[in-house]
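These notes concern the structure reproduced below.
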Amino acid sequence: MMTDKEIRTYLSSHKLLMQRAELRYEKIRFYEKYNAVGEYCAILAHESESLLAERRKIERTIDALSEPSKTILRLRYIEGHTLEETADKLHYAYRWTARLQAKAINDFREAVKG
């Protein structure tokens, strides 16, 4: 079972997954420019698709949650807002938002597990 820290790290990887996929696509474009497309480019493309699939998995899991867990995780980990900004956007107190985030992380853990 994943810990809260592991769940947060996994959710935070959402943005990194996109950046890593983009870097691989940039390499492919570079090699294509010099007509050097080959097995390495196919590997890069496969890696990019795997990274993007993992990113979509995170998004689908969040979208399957009920409110307010879905909104809190989307604001925090997909859009990258701080807890203070999330509380402000939702018109909640900071401490209440922190509690809701803890519940949302637990909901996410259950969704991943099940």
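The values are calculated or read from the model by the stated rules, or taken from the named source; none is laboratory data. All of these numbers come straight from a predicted model, not from anything done at the bench. FYI the Cβ positions are ideal-geometry reconstructions off the backbone, even for glycines, and counts take in every protein chain you see. When the accessible area is computed, the model is the full protein with side chains, heavy atoms only, and any ligands, DNA or RNA have been set aside. Shrake-Rupley method; radii C 1.70, N 1.55, O 1.52, S 1.80 Å.
Where only protein heavy atoms count, and the probe is 1.4 Å, what is the accessible area per residue for the chain in Å²?
On the way: 7350 Å² over 114 residues.
Roughly 65 Å² per residue, with all protein chains present.
Simple spin-label model, 7 Å along Cα-to-Cβ: residue 103 to residue 25 in nm?
3.7 nm
Dipole magnitude of the chain about its Cα centre, charges +1 at Lys/Arg Cβ and -1 at Asp/Glu Cβ only, in debye to the nearest 20? Before the final figure, lay out each step's value.
Values: 21 positive and 18 negative charges, 41 e Å.
So the dipole magnitude of the chain works out to roughly 200 debye.
For the chain, give the percent of accessible area contributed by carbon and sulfur heavy atoms, probe 1.4 Å, rounded to a whole number. Present the calculation step by step, with values, prior to reporting the outcome.
Values: 3930 of 7350 Å².
Answer for the chain: carbon and sulfur cover 53 percent of the accessible area.
Show me, for the stretch 52-58, the HN-Hα J-couplings you get by feeding each phi into the Karplus relation (A = 6.51, B = -1.76, C = 1.60, θ = phi - 60°), rounded to Hz, glycine and proline as x.
In residue order, the calculated couplings are 5, 5, 5, 4, 5, 4, 4 Hz.
Using a 10 angstrom cutoff on alpha carbons, build the Gaussian network for the chain and name the most mobile of 83, 23, 73.
Maximum fluctuation in the GNM of the chain, among the listed residues, is at 23.
Tell me which of 73, 44, 21 sits at the most positive position along the dipole axis of the chain, charges placed on C-beta atoms (Lys, Arg +1; Asp, Glu -1).
The listed residue farthest towards the positive side: 73.
Sum up the charges of everything whose Cβ sits under 15 Å from the Cβ of residue 87, counting Lys and Arg as +1 and Asp and Glu as -1, but leave residue 87 out.
Details: positive: 74, 76, 89, 95, 99, 103; negative: 79, 84, 85, 88.
So the surrounding residues net to +2.
For the chain, modelled as a GNM with alpha-carbon contacts under 10 angstrom, which of 71, 97, 82 fluctuates the most?
Between 71, 97, 82, it is 82 that shows the largest mean-square fluctuation.
Of 24, 60, which has the most accessible area with a 1.4 Å probe, and how do the rest follow in descending order? All intermediate terms of the calculation are to be shown ahead of the outcome.
Working: 24 65, 60 145 Å².
The ranking, largest first, comes out as 60, 24.
If I take every Cα pair under 8 Å that is 6 or more residues apart in the chain, average their sequence separation and divide by the length, what percent do I get for the relative contact order?
Rounded, it is 30 percent for the chain.
Can you figure out the FRET efficiency of residue 16 with residue 66, using R₀ = 30 Å and their beta-carbon distance, to the nearest 0.05? Working shown, then result.
Working: r = 27 Å, r/R0 = 0.89.
It comes to 0.65.
Each residue of the stretch 39-47 in order: what ³J(HN,Hα) in whole Hz does its phi give by Karplus 6.51 cos²θ - 1.76 cosθ + 1.60, θ = phi - 60°, with x for Gly and Pro?
4, 4, 5, 5, 5, 4, 5, 5, 4
Enumerate the lysines that residue 113 could reach by cross-link, defined here as Cα to Cα under 18 Å, with residues fewer than 8 away along the same chain left out.
5, 57, 70, 103
Please report the accessible area of residue 63 (heavy atoms, 1.4 Å probe, ligands and nucleic acids excluded) in Å², nearest 10.
Surface open to solvent at residue 63 totals about 70 Å².
How large is the translational diffusion coefficient of the chain in µm² per second when you combine the Kirkwood radius over alpha carbon pairs with Stokes-Einstein at 25 °C and 0.890 mPa s? Please list the in-between numbers first.
Details: Rh = 15.6 Å.
Rounded to a whole number, D works out at 157 µm²/s.
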